[in-house]
Amino acid sequence: MQFQELPLHAALLRAVQQEGYTTPTPIQERAIPEILAGHDLMGNAQTGTGKTAAFALPILHRLMAKPRLSREPRALVLVPTRELATQVAESFRTYGRHSGLHVAVVFGGVSQSMQVRELRAGIDILVAAPGRLLDLMRQGFVSLRQIEVFVLDEADRMLDMGFIAPIRQVASKIPSQRQTLMFS
Ligand code: AMP
């Protein structure tokens, strides 16, 4: 199968081509159509298998189909560490470079002022580590009312790290009418 055969927006296929990808990896071939169809999904894939594009591309496609009506994020990706947060946000920016969509990333251990500025500017996709996200929510800098797609990346690692309570807290603030994707 070729990437160009997937029913993705031309702007996304162009970015993928620019990255030099010609064929989807197995997880991409299986997950992209499922996610485009709006189904919830549980994926089991190691880093290096193309897992990030497997969820980033269909999420970008979905968000491109509808204009943003507020400054609040419409997709949330929870990740266990700042390294993964940076990496996942970078992938969304790469694949979404022709999409006009905005990505912000939040994690602890650094000053929050830059992150707050990004949130205020208006974003479509938020990549976050749970602790800092809850901090920013408590201060009223971010609301999850508009979230349509919720991703738990490296969910097993987040549970190992004791993030079950924060994950529950975050999930309780997301509308129940949503698409949920879980990767471990
Ligand atoms: P990930 O598993 O998401 O961390 O991706 C691992 C690496 O594979 C990243 O450097 C991607 O740029 C690359 N990659 C993802 N999908 C493809 C693909 N279909 N063809 C070639 N490389 C890819």
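The values are calculated or read from the model by the stated rules, or taken from the named source; none is laboratory data. Model, not experiment: these values are computed from the prediction. Neighbour counts run over all protein chains shown; Cβ positions are idealised from the backbone, glycine included. Please note that ligands, DNA and RNA were not included when accessible areas were found on the heavy atoms of the full protein model with its side chains. Shrake-Rupley method; radii C 1.70, N 1.55, O 1.52, S 1.80 Å.
DSSP bridge analysis restricted to segment 43-158 gives an antiparallel fraction near 0%, rounded to the nearest 5. Taking the inverse of the mean reciprocal distance over all distinct Cα pairs, the Kirkwood hydrodynamic radius of segment 121-184 comes to 12.4 Å. Placing unit charges on each Cβ (+1 for Lys and Arg, -1 for Asp and Glu) gives the chain a dipole about its Cα centre, and among Ile147, Met137, Pro58 the Cα reaching farthest toward its positive end belongs to Met137. Enumerate by residue number the trypsin sites (Lys or Arg not before Pro) in segment 134-184 meeting two conditions: DSSP loop (anything except H, G, I, E, B), and at most 14 other Cβ atoms within 10 Å of the site's Cβ. Loop-located and lightly packed - Arg145.
Computed on protein heavy atoms with a 1.4 Å probe, the accessible areas place Thr49, Thr86 in the order Thr86, Thr49, largest first.
If you wrap the Cα atoms of segment 91-150 in a convex hull and average its projected area over all directions, you get 4.4 nm². With the cut-off at under 17 Å, measuring from each backbone N in segment 46-66 to a point 7 Å along the Cα-to-Cβ line of Arg157 picks out 46-56.
What net charge is computed for the residues neighbouring Pro24, neighbours being all others with C-beta under 14 Å from the C-beta of Pro24, Lys and Arg scored +1, Asp and Glu -1?
Taking every Cβ under 14 Å from that of Pro24, the sum is -2.
For Ser172, the accessible area of its heavy atoms, probed at 1.4 Å with every protein chain present, is near 80 square angstrom. To put it simply, the accessible area of the chain at a 1.4 Å probe is 50 percent carbon and sulfur.
Once both labels are positioned 7 Å from their Cα atoms along Cα-to-Cβ, the gap between Ala37 and His98 label points is 2.8 nm. Taking a sphere under 14 Å around the Cβ of Leu60 and counting the other residues whose Cβ falls inside, with K and R at +1 and D and E at -1, yields a net charge of +3.
With an 8 Å cut-off on Cα pairs and a minimum separation of 6 or more residues, tell me the relative contact order of segment 1-136 in percent.
Over segment 1-136, the number comes to 25 percent.
Per residue, the average separation of C-alpha pairs within less than 8 Å and at least 6 apart gives segment 63-179 a relative contact order of 36 percent.
The residues packed around Phe141, meaning those with a beta-carbon under 15 Å from its beta-carbon, carry a net charge of +4 if Lys and Arg are +1 and Asp and Glu are -1. Protein heavy-atom accessible surface, 1.4 Å probe, per residue over the chain: 49 Å².
Three semi-axes describe the equivalent ellipsoid of the chain; taken as square roots of 5 times the Cα gyration tensor eigenvalues and ordered largest first, they are 25, 18, 15 Å. Here segment 57-159 is treated as a sphere whose radius is the Kirkwood value from Cα pairs; by Stokes-Einstein at 37 °C and 0.692 mPa s it diffuses with a coefficient of 242 µm²/s.
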